[in-house]
Amino acid sequence: QKEVEQDPGPLSVPEGAIVSLNCTYSNSAFQYFMWYRQYSRKGPELLMYTYSSGNKEDGRFTAQVDKSSKYISLFIRDSQPSDSATYLCAMRAYTNAGKSTFGDGTTLTVKP
Amino acid sequence: DAGVTQSPTHLIKTRGQQVTLRCSPKSGHDTVSWYQQALGQGPQFIFQYYEEEERQRGNFPDRFSGHQFPNYSSELNVNALLLGDSALYLCASSSGRSNSPLHFGNGTRLTVT
């Protein structure tokens, strides 16, 4: 079993919809949680970076962390066609600054 | 502010050959990590370099080796290439002095035939 499991998708939504992307994890040592967006033929781009349980908002994006349930989510409000990409969750333990463990990604398509 | 740069962008090699990939970290970063991303999968950690030394290593054979230079740039070397080494190789940089997240380059697409 993988340490990080991500809803595989693909996900297709109409423009303006609210999108929910989810990951679960099994390693209780994970303390830092990230969401990356990856466009085709590009490297992952950091969207959100959180440490504590709770919500963190940045524009149309909200990251939610529930350490007790080992569950993280990314919400995208008012989704746009430019949001069409693969979304990767990632996490790491405090003592492993470089080693992040990634989910396999969810591919999102936002239709105009 | 220059981000993470990688070269080359694409590479085609034959089984058994050796390859060297290069990475320059984001300005202000001193730590470089390398990841392998197979098609349809998330990036897998290969190793991390800080202060010119390999600090951590993932579950990759010793055919994969690296180096970090005094200017913090880094190289990834893969010997005796296998077909299964075909993937996107990503370099990520961060600051070793803080709990900063990884910033990635656009990768090198390696195809082994």
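Tell me the chymotrypsin sites (Phe, Trp or Tyr not before Pro) within segment A:54-99 that lie in a loop according to DSSP and have at most 11 other beta-carbon atoms within 10 Å.
Sparse-neighbourhood loop chymotrypsin sites (Phe, Trp or Tyr not before Pro): A:Tyr94.
What percent does the relative contact order of chain B come to when contacts are Cα pairs within less than 8 Å and at least six residues apart?
37
Could you work out the mean projected area of the convex hull around the alpha carbons of the protein assembly as shown, in square nanometres to one decimal?
Averaged projected area of the protein assembly as shown's Cα convex hull equals 12.4 nm².
Please give every one of the lysines within straight-line cross-link reach of B:Lys13, meaning a C-alpha to C-alpha distance under 30 Å, and leave out same-chain neighbours fewer than 8 residues apart.
A:Lys42, A:Lys99, B:Lys26
Eigenvalues of the Cα gyration tensor times 5, then square-rooted: what semi-axes does that give for chain B, in whole angstrom, largest first?
Over the Cα atoms of chain B, the semi-axes work out to 23, 14, 13 Å.
Can you tell me the equivalent ellipsoid semi-axes for segment A:4-98? Use √(5λ) from the Cα gyration tensor, largest first, whole Å.
23, 14, 12
Count, for each residue of B:91-100, the Cβ atoms from other chains sitting within 10 Å of its Cβ, then give me the mean as a whole number.
What the average comes to for B:91-100 is 3.
Rounded to the nearest percent, how much of the accessible area of the protein assembly as shown (1.4 Å probe, protein heavy atoms only) is carbon and sulfur?
Solvent-exposed carbon and sulfur of the protein assembly as shown make up 48 percent of the total.
So how do B:21-29, A:22-30 stack up, highest first, on mean other-Cβ count within 10 Å?
Ranking, from highest mean packing down: B:21-29, A:22-30.
Excluding ligands, DNA and RNA, what is the solvent-accessible area per residue of the protein assembly as shown at a probe of 1.4 Å, expressed in Å²?
Spelled out: the 1.4 Å probe surface of the protein assembly as shown, per residue, equals 47 Å².
Am I reading the B/A interface right? What is its buried accessible area, both sides, 1.4 Å probe, to the nearest 100 Å²?
1700
Given an 8 Å cut-off on Cα distances and at least 6 residues of separation, report the relative contact order of chain A as a percent.
38
Evaluate peptide A:43-52: per residue, the Cβ atoms of other protein chains within 10 Å of its Cβ; return the mean as an integer.
Mean inter-chain Cβ contacts per residue within 10 Å come to 4.
Taking a ≥ b ≥ c as the square roots of the eigenvalues of the Cα gyration tensor of segment B:57-113, is the shape rounded (a/c under 1.5), prolate (a/b larger than b/c) or oblate?
It is prolate, given that a/c is not under 1.5 and a/b is the larger ratio.
The values are calculated or read from the model by the stated rules, or taken from the named source; none is laboratory data. Worth saying up front: this structure is predicted, and the values here are computed from it rather than measured. Methodologically, a virtual Cβ is constructed for each residue, glycine included, from the backbone with ideal geometry; neighbour enumeration extends over all protein chains shown. Note: accessible area is taken over every heavy atom of the protein model, side chains too, but ligands, DNA and RNA are not part of it. Shrake-Rupley method; radii C 1.70, N 1.55, O 1.52, S 1.80 Å.
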